[in-house]
Amino acid sequence: MKFKWPKWAEEQKRQELSVQRLIPIRGIDGGVVITEDFRLVQLLRVSSLNLDLMSHRELNEAMERYELFLRSLYFPVQTTIMSQPVDLGEYIRGLEARWTGASTVKQRLLTGYIMYAKGIETSVTMIQRQRYIVVSEQIQGITKQTYEESMMQLEQKRKHIKSGLEEIGLSVEETDSLDVVRYFHTLYDYEGSQHRPLNDHLLYPYITGGNVCGVFEKE
């Protein structure tokens, strides 16, 4: 006979539901967030300019180009700055790959480098500021066709932002699904994002209610 704890089971289910409601996301499709109110949201990672090193002429030109970019926007955008833990995962994996097959002396040196790099990742004093521009597109309907059309509209907005900012001298990168999950992980659990950073092999598809397009009709 299997003994059950009904109160404990109900409490656990209630906690799981409350945590799920914290992040009102229906799914993530190729780095694009699908919200519960049927909007497509894209995060674009943007570099920065060191204005202190610019001359007055260079500064004025940069400001003028940025003003022209803002005037060219025909849709609303949101800018955000996120303080995130330093990501040295690729560097650490490279050191670990070199450790195999190395001599005993080199292995000891590489072990020290790896531990030092991991210490930087988990240090509360070592952070990096990432700048994002957030753009969205409302899905006009519940069919697969309207979903694909909204994706195309979002792509046009993304291209407009990228070309405009690159003219100023900034680099714009599209975030993938792992970047988006790390963004929300940092936002809701900063300490956990430091000590338990997410990697590719830990990333599972974030989908509620079936597949990403499962809520849309075929026609």
Next item on the list: Kindly indicate the residue of region 44-66 that is within 26 Å of the chain's Cα centre (by Cα) and of a type outside the set (A, V, I, L, M, F, W, C) and also farthest from Y183 (Cα to Cα) among those meeting that condition.
Entry: Y66
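Considering only region 193-206, I want to know if a residue exists there that is at pLDDT 75 or above and in contact with a Gly (Cβ under 9 Å, 6 or more places away or on another chain).
So far as region 193-206 goes, no, none of its residues is at pLDDT 75 or above and in contact with a Gly (Cβ under 9 Å, 6 or more places away or on another chain).
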Notebook entry, point to check: Does region 132-152 contain at least one residue that is in a loop (DSSP other than H, G, I, E, B), modelled with pLDDT of 85 or more and over 15 Å from I34 (Cα atoms)?
Noted result: no
Item checked: Complete set of residues in region 60-102 that are modelled with pLDDT under 85, surrounded by fewer than 12 Cβ atoms within 10 Å (Cβ to Cβ) and not in a helix (DSSP H, G or I) -> S83, T100, G101
Notebook entry, point to check: Across region 153-184, what is the number of residues that are open to solvent by 20 Å² or more (accessible area, probe 1.4 Å), of a type outside the set (A, V, I, L, M) and not in a helix (DSSP H, G or I)?
Noted result: 5
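Of these, L44, L17, which one is at pLDDT below 90 and open to solvent by less than 90 Å² (accessible area, probe 1.4 Å)? I'd like the intermediate steps shown before the answer.
On the way: L44 fails: at pLDDT below 90.
Among L44, L17, only L17 is at pLDDT below 90 and open to solvent by less than 90 Å² (accessible area, probe 1.4 Å).
The values are calculated or read from the model by the stated rules, or taken from the named source; none is laboratory data. Keep in mind that this is a model prediction, so the values were computed, not measured. Positions of Cβ are backbone-derived with ideal geometry, glycine not excepted, and every protein chain shown enters the neighbour counts. We work out accessible area using only protein heavy atoms, side chains counted, and drop any ligands, DNA or RNA first. Shrake-Rupley method; radii C 1.70, N 1.55, O 1.52, S 1.80 Å.
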